[in-house]
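The values are calculated or read from the model by the stated rules, or taken from the named source; none is laboratory data. Computed from a predicted structure; not experimentally measured. Positions of Cβ are generated from backbone atoms using ideal geometry, with glycine treated the same way; all protein chains shown enter the neighbour counts. Surface accessibility is based on the protein's heavy atoms, side chains included, excluding ligands, DNA and RNA. Shrake-Rupley method; radii C 1.70, N 1.55, O 1.52, S 1.80 Å.
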Amino acid sequence: MALPAEMPADLHKAITLFCEKDPEDLQLNDVLGVTEIMALCLRDLFATEDTPIFSSAVMMAAYVRGARERLKNVRPASLRDEDLPLAREELEAIVAHTEEATNTIMELAETMMGLDPEESNYSETVNDSLMQIFEACAFQDITGQRAGKVADTITTTSEQISVVASVLGSAHDKTVGPAEETEEEARRRENLLHGPQSGSQAITQDEVDEMINQDDIDSLFD
Amino acid sequence: MSVDTSMQVLVVDDYKTMIRIIRNLLKQLGFNNVDDAADGSAALEMMRARKYGLVISDWNMEPMTGFELLKEVRSDEKLKATPFIMVTAESKTENVIAAKKAGVNNYIVKPFNAATLKGKLVTVLGDF
């Protein structure tokens, strides 16, 4: 595509570089870069006249500059290649460590449960088992630290997504719905629960009991 | 009538640790004959092969959930009278209602303690 000769040199250069790029490799920042130069050229072109085009060009240039500034600290590659895989590893380690500690504690409890208090070594075995239970409970410190790292990654990810969403203008856009649900996701949604709830969302055992004991509850929901 | 603690109990959960916890609690309460299954379909197969006096089942399992197991049990002439206690970590009102409508005898929210389990067993089976 031939570009007009009278085009400002900066814009000419930016568009040439833009067009030379593989469309697959184009990034939002490339688009913003060209848009900013275009907006600045428009602004300069209409600077002598007080026209809506001039005002729009000024606004557009300011918006693009602001967007580029906000995106400066977004590091999707770092999130994808380092932070999120690391968070996954931390979670897997938490599950493994918790399981190991639980098994150790239960084995010791089962040992104590099977002891005969009349046996001569009863007291010694119980004391040894209790000490090992205390030691196994150290898992909470380690898993707590790991969980803290995962929480930090979630916060960083959330902040970076918010920046991108605000640049794209979708941060408060309720019309932007979730991605289309796959068949497997629908099946899981219909059949499986979501696991433990946080304190504010969960209902208590007493409230569950009340519902279970309410004889006419079925008729209320028919 | 007192409860026959020698009855066969089936614990259904996909977490071995939870099965072990419930098994130990049941043992402390005097129930020593406990079988386990990792999901609803395995449990159903076991129930069709052997008579169980009580089923304690988790909800979240695959391929067959505890809720689906409950519905299967209640629609099976031979199994439908089996006492069934649901145990889940999620305690949403709609889930409790769904389980009740499907015929659950009681519903326990995880995490729970021995006293809660015993209380539910007494409610469902009678004093022991």
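How much length would be gained if the chain were fully extended between B:SER75 and B:LYS92, taking 0.36 nm per residue of separation minus their Cα-Cα distance, in nm to one decimal?
Result for the pair: 3.7 nm of gain on full extension.
Determine the shielding of peptide B:110-116 by partner chains: average, over its residues, the number of Cβ atoms on other chains within 10 angstrom of each Cβ.
Whole-number average of other-chain Cβ neighbours for B:110-116 is 1.
Using mean Cβ contacts within 10 Å as the protection proxy, how do A:108-114, A:22-28, B:63-69 order, highest first?
B:63-69, A:108-114, A:22-28
Expressed as a whole percentage, what fraction of the accessible surface of chain A belongs to carbon and sulfur atoms when a 1.4 Å probe is rolled over the protein heavy atoms?
Details: 8850 of 15860 Å².
Of the solvent-accessible surface of chain A, carbon and sulfur hold 56 percent.
Kindly report, to the nearest 10 Å², the accessible surface of A:PHE134 as traced by a 1.4 Å probe over protein heavy atoms only.
My reading of the accessible area for A:PHE134 is about 140 Å².
What is the dipole size for region B:82-126, taken about its Cα centre, with +1 at each Lys and Arg Cβ and -1 at each Asp and Glu Cβ, in debye to the nearest 20?
It works out to roughly 60 debye.
Averaged across the residues of B:81-94, what count of C-beta atoms belonging to other chains lies within 10 Å of each residue's C-beta?
Taking the mean over all residues of the peptide, I get 3.
With runs of 4+ DSSP H residues as the only contributors, calculate the mean residue ellipticity of chain A at 222 nm using -39,500 (n - 2.57) per run, divided by the residue total and rounded to the nearest 500.
Values: 9 runs with 147 residues, N = 222.
Mean residue ellipticity at 222 nm (helix-derived): -22000 deg cm²/dmol.
Cα extents of region A:75-168 along the three principal axes, largest first, in whole Å?
Rounded to whole Å, the extents work out to 74, 15, 15 Å.
Give me a comma-separated list of calculated 3J(HN,Hα) values for region B:118-128, in order, Karplus coefficients 6.51, -1.76, 1.60 applied at θ = phi - 60°, integers in Hz, x for any Gly or Pro.
Those phi angles translate into 4, x, 5, 4, 5, 4, 7, 9, x, 5, 8 Hz.
Identify which of A:VAL208, A:VAL164, A:VAL58 has the largest mean-square fluctuation in a Gaussian network model of chain A, with springs joining Cα atoms closer than 10 Å.
Evaluated over chain A, the most mobile residue of the options is A:VAL208.
Counting pairs of alpha carbon atoms under 8 Å apart in space and at least six apart in sequence, what relative contact order in percent does chain A give?
So the answer I get is 16 percent.
If I ignore ligands, DNA and RNA and count only protein heavy atoms, how much of A:THR204 is accessible to a 1.4 Å probe, in Å² to the nearest 10?
Accessible area of A:THR204: about 70 Å².
For peptide B:14-24, compute the average count of partner chain beta-carbon atoms within 10 Å of each residue's beta-carbon.
Values: counts 0, 2, 3, 5, 1, 0, 5, 3, 0, 2, 4.
The shielding value for this peptide is 2.
Compute the Kirkwood hydrodynamic radius of the protein assembly as shown, taking the inverse of the mean of 1/r over all pairs of distinct Cα atoms, and give it in Å to one decimal.
Computed over Cα pairs of the protein assembly as shown, the Kirkwood hydrodynamic radius comes out at 26.1 Å.
Once A and B are treated as a pair rather than alone, how much accessible area drops out, both sides summed, in Å² to 100, probe 1.4 Å?
Roughly 2700 Å² of accessible surface disappears when A and B pair.
Could you work out the pair-distance distribution P(r) of chain B from its alpha-carbon pairs, with 10 angstrom bin width and percents rounded to whole numbers?
Using 10 Å bins, I get a P(r) of 13, 50, 34, 2 for chain B.
Return the tail of the calculated pair distribution for region A:9-71, meaning the percent of Cα-Cα pairs more than 13 Å apart.
62
What's the longest piece of chain A with no exposed trypsin sites (Lys or Arg not before Pro), counting a site as exposed if DSSP puts it in a loop and it has at most 16 other beta carbons within 10 Å?
After excluding every exposed loop site, the longest remaining stretch is A:73-173.
Amide H of B:VAL12: which non-local residues (sequence gap of 5 or more, or other chain) have their own amide H closer than 5 Å, using H built in the peptide plane?
Those qualifying (amide H under 5 Å, at least 5 residues apart or on another chain) are B:ALA37, B:ILE56, B:SER57, B:ASP58.
Measuring from label point to label point, each 7 Å out along Cα→Cβ, what is the A:ARG188 to A:ASN103 span in nm?
Here the answer is 2.5 nm between the modelled labels.
Give me the percent relative contact order of region A:18-64, please, defined on Cα pairs under 8 angstrom at least 6 residues apart.
38
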